[in-house]
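A short worksheet on the structure shown next.
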Amino acid sequence: MNKYIYQSTIVKPVSFSGISLHTGSYSKVLIFPACPNEGITFTKRLSSSLFITNPFHIIGTSFCTELGSINHFRFSIKTIEHLMGALFILQLSNLRIEVDGPEIPIVDGSSIFWFKLLKNNIITQNILRVKKILKKIIFVIIDDSFIIVTPSSSLSINYGVDFYSSLKVNYLNWSFLPIFIHGSGVYSQILGSRTFGTKTNLSNLKQQELIQGANLYNALLLNNNFLAGTFFRHPKELVNHKILDFLGDLNLISNLSNVFVIAYKSNHYLNNFLARLIFNYSDEAISI
């Protein structure tokens, strides 16, 4: 039996508390099992609002992906992308995620913690997945950033980055990495790749009341040709973290897997713009 064509959830609830990257506050996340066809939903503690992950429920993309609603009151959960990236790789279908705080804890700046927390707690549900099938080629571009997505028989992502203009580091210049979901070898590198920022942007971000919880444990600090306080986990850690963000942002579209992607210098805004287009230009089909 191919377990990936069936829906899945977790056996028992799990929880974690930790500091948040942007707000600097402590948040607690509780992840509960959910029934088939419920999807991945988020709620705030003591709130009656429940949000299904959907690209149209994203209300902020400035240096993170923020889920929520702006009505008479504001419902918001920031920095969902690293958790969502782990859920994508684990292929978890149905979860209820309760957050006590404004943001998902940053942990070490990657997704490896969430992956390890959940990987041995998964149960297959006896209901087939309904996957999204892209119907046409989509090309989105803003300035010198772009994403091209075409229908395919499997998932492959080729992602380019260029940090030379800001960091003057040749070995971080242009890097493409192909991956295939349900393959082997690349997951540990993608899951363990940490978020990062440049020293030149620090004061600007803090003035915007961002990265209040950042430190050298949960984020890489790049300063010209130096990496402050630590070492890269592998040579492609920066581009792999961008792929992790991309997977997390695309996981707002349930069960999208059959696409070929070429992306260059994308960000959360462009990822979400793409996700909305894919949501509108795809059909649903039972996995076989």
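The values are calculated or read from the model by the stated rules, or taken from the named source; none is laboratory data. As the structure is a prediction and not an experimental result, all values here were calculated from the model. Glycine gets a Cβ as well: all are built from the backbone with ideal geometry, and neighbour counts include every protein chain shown.
Among the residues of the range 43-78, those identified as of a type in the set (Gly, Ala, Ser), in contact (Cβ under 8 Å) with a residue 24 or more places away in the chain and farther than 18 Å from residue 18 by Cα are 47, 49, 62. Condition (residue is acidic (Asp, Glu) and in contact with a strand residue (DSSP E or B) (Cβ under 8 Å, 6 or more places away or on another chain)) applied to the range 73-89: is it met by at least one residue? Within the range 73-89 (the criterion being acidic (Asp, Glu) and in contact with a strand residue (DSSP E or B) (Cβ under 8 Å, 6 or more places away or on another chain)), the answer is no, since none of the residues qualifies. Among the residues of the range 56-72, the one identified as among the hydroxyl-bearing types (Ser, Thr, Tyr), surrounded by fewer than 17 Cβ atoms within 10 Å (Cβ to Cβ) and in contact with a strand residue (DSSP E or B) (Cβ under 8 Å, 6 or more places away or on another chain) is 69.
The conditions of being at positive phi and among the small types (Gly, Ala, Ser) are not met by residue 60. Scan the range 32-53 and tell me whether some residue there is at pLDDT 95 or above, over 21 Å from residue 130 (Cα atoms) and part of a strand (DSSP E or B). Yes, that holds for at least one residue.
Per the listing 42, 51, 88, the residue uniquely within 20 Å of residue 116 (Cα to Cα) and aromatic (Phe, Trp, Tyr) is 88.
Residues considered: 53, 124, 43, 79. Of these, the only one that is buried (at least 22 other Cβ atoms within 10 Å of the Cβ) and either touching an Asp or Glu at 6+ places or on another chain (Cβ under 9 Å) or over 25 Å from residue 216 (Cα atoms) (or both) is 79.
Just so you know, in the range 135-158 the residues that are under 20 Å from the mean Cα position of the chain (by Cα) and at pLDDT below 90 include one that is farthest from residue 196 (Cα to Cα), and it is 154. Each residue in the range 87-131 was checked for being in contact with a helix residue (DSSP H, G or I) (Cβ under 7 Å, 6 or more places away or on another chain) and basic (Lys, Arg), and 2 of them qualify. Of the numbered criteria (1) touching a helix residue (DSSP H, G or I) at 6+ places or on another chain (Cβ under 8 Å); (2) surrounded by fewer than 21 Cβ atoms within 10 Å (Cβ to Cβ), the one residue 84 fails is (2).
Are there helices (runs of 4 or more DSSP H) fully within the range 200-288 with at least 2 residues that are over 24 Å from residue 56 (Cβ atoms) and modelled with pLDDT of 85 or more? List them.
237-250
One residue is enough: does the range 79-87 have a residue meeting the conditions acidic (Asp, Glu) and without any contact (Cβ under 8 Å) to a residue 24 or more places away in the chain? For the range 79-87, residues acidic (Asp, Glu) and without any contact (Cβ under 8 Å) to a residue 24 or more places away in the chain: absent.
For every residue, the table says whether it meets (1) closer than 28 Å to residue 218 by Cα; (2) of a type in the set (Gly, Ala, Ser); (3) not in a strand (DSSP E or B).
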{"site": "12", "(1), (2), (3)": "yes, no, yes"}
{"site": "15", "(1), (2), (3)": "yes, yes, no"}
{"site": "30", "(1), (2), (3)": "yes, no, no"}
{"site": "84", "(1), (2), (3)": "yes, no, yes"}
{"site": "93", "(1), (2), (3)": "yes, yes, yes"}
{"site": "98", "(1), (2), (3)": "yes, no, no"}
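Just to verify a result, which residue in the range 17-28, among those that are outside any loop (DSSP other than H, G, I, E, B) and either over 20 Å from the mean Cα position of the chain (by Cα) or not aliphatic (A, V, I, L, M) (or both), is surrounded by the most Cβ atoms within 10 Å (Cβ to Cβ)? Of everything passing the filter in the range 17-28, 27 is surrounded by the most Cβ atoms within 10 Å (Cβ to Cβ).
Restricting the range 1-31 to residues that are aliphatic (A, V, I, L, M) and at pLDDT below 95, the residue that is nearest to residue 208 (Cα to Cα) is 21.
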